[in-house]
1. Give the accessible surface of region 320-367 per residue, rounded to a whole number of Å², with probe radius 1.4 Å and ligands, DNA and RNA excluded.
2. Mind checking which lysines have their Cα closer than 24 Å to the Cα of Lys833? Skip sequence neighbours fewer than 8 apart in that chain.
3. Return the subset of Lys441/Lys473; Lys248/Lys352; Lys699/Lys750; Lys424/Lys722; Lys473/Lys531 for which the Cα-Cα distance in this structure is over 20 Å, preserving the input order.
4. Which lysines have a Cα less than 30 Å from the Cα of Lys106, not counting those fewer than 8 places away in the same chain?
5. Could you sort the peptides 257-267, 348-358, 300-310 by per-residue average Cβ neighbour count (10 Å cutoff), highest mean leading?
6. When the chain is fully extended, how far beyond the present Cα-Cα distance does His184 get from Asp923, taking 0.36 nm per residue of separation?
7. Suppose every K and R has +1 on its Cβ and every D and E has -1 on its Cβ; what is the size of the dipole of region 162-256 about the Cα centre, in Debye to the nearest 20?
8. DSSP loop (so not H, G, I, E, B), at most 13 other Cβ within 10 Å: list which GluC sites (Glu not before Pro) in region 97-206 pass both filters.
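The values are calculated or read from the model by the stated rules, or taken from the named source; none is laboratory data. Keep in mind that this is a model prediction, so the values were computed, not measured. Heads up, the Cβs are rebuilt from the backbone with ideal geometry, glycines too, and the neighbour counts pull from every protein chain shown. For accessibility, only protein heavy atoms count, side chains too; no ligands or nucleic acids. Shrake-Rupley method; radii C 1.70, N 1.55, O 1.52, S 1.80 Å.
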Amino acid sequence: MTTLGYEGGRFCNAGVKVIVFLVRLKDTMLAPCGLRLGSKFERQILLLFDLSTILLKVVRREPVASMHNNGEIIWAKDNEIQIVDIKNAEAEAEIVDGEMLPLAVKELGACILNPQSLKHNPDGRFVAVCGDGEYIIHTALPWTNMSCGSAVEIVWSLDGEYAVRKSNSKIKIFSKTFQEKSVHPTFSAEKIFGGPVLALCSNDSICFYDWAECRLIRRIEVKLKNLYWNDSGDLFALCGHTSFFTVKYNCDVVSSYLDNGIPVDEDGTENPCKLLHEISERVRRGIWVEDCFIYTNSSWRLNYCVGDEVTTIFHLDRPMYLLGYLASQDRVYLIDSDFNVMGYKLLLSLIKYKSLVIRGDFERAKEILPSIPKEHHNSVLRFLESRGMIEDALNLATDPEYRFGLAIQHGRLEVAKDVALELKSISKWKQLGELAMSNGKLEMAEECLEHAMDFHGLLLLHSSTVDIRGMSKLATLAKEHGKNDFAFLCLFMLGKREDCRQLLEESNQNPEAILMGRSYLPSKVSELLEKWRKDLSKVNPKHAYSLANPEEYTDLCEYWQVASAPALVPLNLIEEIFFYLPVRSVLNVVSRLNRYFNYIIRTEHFVQKHLEKSGFINPYLIMISEPDEYHYYDFPLVSVSVNSLLEDPAAPTLRESVLFEHSFTTSWGLICSCNGLLCFRDIFQSSQLCFWNPATGFKLECISEMEKDNSVYSFGFDPLGKTLKLVVFCMKRVGSALENTVKIFNLNNKSWKDVQQLPVVPLYWFERSRSNSGFHLNGSINWLALRNYSFSDYNPDHVRYITTDRYVIVSLNLSTEIYTELLLPEGFEKVPKRQPRIAVLMDQICFCHDAEGTNFIIWQMKCFGNRDSWVKLFKFGYENFPSANQLQCLDFSPVYLSQDGDKLILVRGDGVAEEAFVYYHRDNRVSRIGIANNLLWTEAMSYVGSMVYLD
């Protein structure tokens, strides 16, 4: 019973009795009788009366009640015990959330105690009544006394045992047959709690004990207010004064300790409890429904907690106290101080769905989803969004506005685009277009701005990206919608002066058309002037006559005939010529031409076309030269014209065939090349990388995220992402196996990304040479690899134990970042003594190997990925090569094949000297290249000048 007088840490009943007496005295005696007291005494008495009345109204007594999960509620009104069955109320009338239930109350009898708590045992057969320092256990129906005794508190176990706290130092436990045993804790037990284990709580900690022998299970330091267990006994909530914790309890760990007699320290067994979540709310009362904790908080809200997500079921308009949950009705019930019972729908299917999602059981969650009413799908959506499951939320959402906002908020631009097509809202298209532009999705931004008819945005987009196609499209679109000012700007930036003049003429802007012609189209001035005269004469003939035609008054227009002369070469032909010129020639010419060509050479179309055609006509090999004795770390970088090598390999003038020298510091070394960009690594600090375009001077430096010593670098172009990517893999020996890590550096966004490990070990790991560092071909990086590698394979003496079926080409697609294994030709039947190689010749993957120490064979895969498309491209003997007498077989690497398929450049090195040859297939002859021998031919790679990443 809640009282007002506070004495010894407890409210005493005497205070209430005094106040009630005074209130009655005021209401029944003083006022009706008109009694007047002395002024001072009267004021004191009346003040006390008013204060007592206010306190009685504010402080309401919490009802003493207990509900079992079968729907039976027992409560105590003073000493009278009553029972109601809410299942009958459900059958008689429809329950509405928040409305008082019409209950049929039955009297069970009177209790000799003043009840302060009622508690059902787990099976509902017994009810424990505690109050006035005593307890009585009754049968629920009929209300019969089964056991009694002295106690401050009484709690039940899940198996029907119960424990009573007689004092802070004495606890008694009773079995189902009422056999008792005493427990004397070493600390002051202020509270006890039942459940799967017995919990004793002090002021600063709680200790868990087993019911059978009262052995310590675990001690947790926490200032506790209440403890709630779920029905299965694997979850509990520790409720403090400002927050509560949900904890996972592992009974198997406890059983293994107790059954095996493992000694425990003062804190109990190790890791029987795992903290799941902490929620910053004060719990008044709580219950568990499966994995969901339902409670009322300090603000009188009815909430439930699943995982770390808290959802409000109802805002209570007055103090109400949680009774329990009835599964048959899927409702949670509460009671107020006047014993009014109300029910609220819980929607257990929604709670089960959330619990399964938190556990990661998505398949079962999908099965439950159809059982959730559609009006509650918004709750599901908010839950999925809070868990970061945006795709699931988007798939479930049906409201287009919500889907669009969700997609925009989380960067799902493709989904937002589909929704915008459905909504057909200009504001939505503008919002999506701005977001797409800020994220670098320029194609989507263009489409969105077109739907929104945002001419300002389109002009900014196309002029910034120098998009000729887009600018032409915008000019047409603007003209169709009467936006001639935008159309003129687009045509002018495209260099279409004639179209600009026609647009001004069609818009009846003759003065502007003549000024345009005077500056850019002198040959059209006379025609335009006559038209202007004709129109102006209708308004002011005098002014029209005063206009002077430059062809009639040549003395007034100096250099007019020269300016009006037609162009000798069409612009599109000049652009086509540029495709075949070297980069530096293009830059030199464009610097002397008008702005139109500056735009043209910066477009993606021109860069790609120039790369293809110029590379076809002007191929180069790039390599480094050995340092001299005075500059040990100085490796000059040189490039040699392939056309010069094929024309006359032995010509001594090739000794001077160097296009440029490496202009970096001496600590940089070349590691790979692609599309005119070279990648360097610092010799002394391997983590430092630099990308350089020698033709334009563009440089980009970055830090490698791979290990310093064991990293292998490859360079390629992603055609879908339209970006260059650096692929780096690193090998580590772990025991008898090799583990690898693969990362990709994107030159567009300058970011590193982890990708899947290589499925097989590249042969580059065994023999460090340029021959298998990873070849770029049509958006993929390719390595020759070995299946089931063991470290004994590294020893040349064990090569004979390797079989041909263990060799494979592994290919990494730079767009999808997925590996593919390419099988070698069926004609490869015997493993050579020297490792085979792969190469890229004429844009085809090739496989090269020695045959019996007498011949060299090159296979070519005509259809990438198709094993049946392998053809034998070359097979030639070693007898024509100058070094054939020195070695049993020659270790060749092909680096270039002419377009007619006749001339093949081969390089070889034995660790002492390196040399290069040209093999002529039609004549079956060999010519040794006569360039100075200090070039490192085995490091040679293809190079073509380009304007990629033009600064």
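1. Working: 1780 Å² over 48 residues.
On a per-residue basis, region 320-367 sits at 37 Å².
2. Result set, ordered by chain and number: Lys872, Lys875.
3. Working: Lys441/Lys473 18 Å; Lys248/Lys352 17 Å; Lys699/Lys750 13 Å; Lys424/Lys722 31 Å; Lys473/Lys531 30 Å.
Too far apart for the 20 Å limit: Lys424/Lys722; Lys473/Lys531.
4. Those lysines meeting the cut-off are Lys17, Lys57, Lys77, Lys87, Lys119, Lys176, Lys345.
5. Numbers: 257-267: 10.7, 348-358: 20.7, 300-310: 18.1.
Descending mean neighbour count gives 348-358, 300-310, 257-267.
6. On the way: separation 739, 0.36 × 739 = 266.04 nm, distance 10.63 nm.
Going from the current span to full extension adds 255.4 nm.
7. Numbers: 13 positive and 9 negative charges, 70 e Å.
Around 340 debye, computed over region 162-256.
8. Numbers: sites: Glu99, Glu107, Glu134, Glu153, Glu161, Glu180, Glu190; in loops: Glu99, Glu161, Glu190.
In loop regions of region 97-206 (DSSP not H, G, I, E or B), the sparsely surrounded GluC sites (Glu not before Pro) are Glu99.
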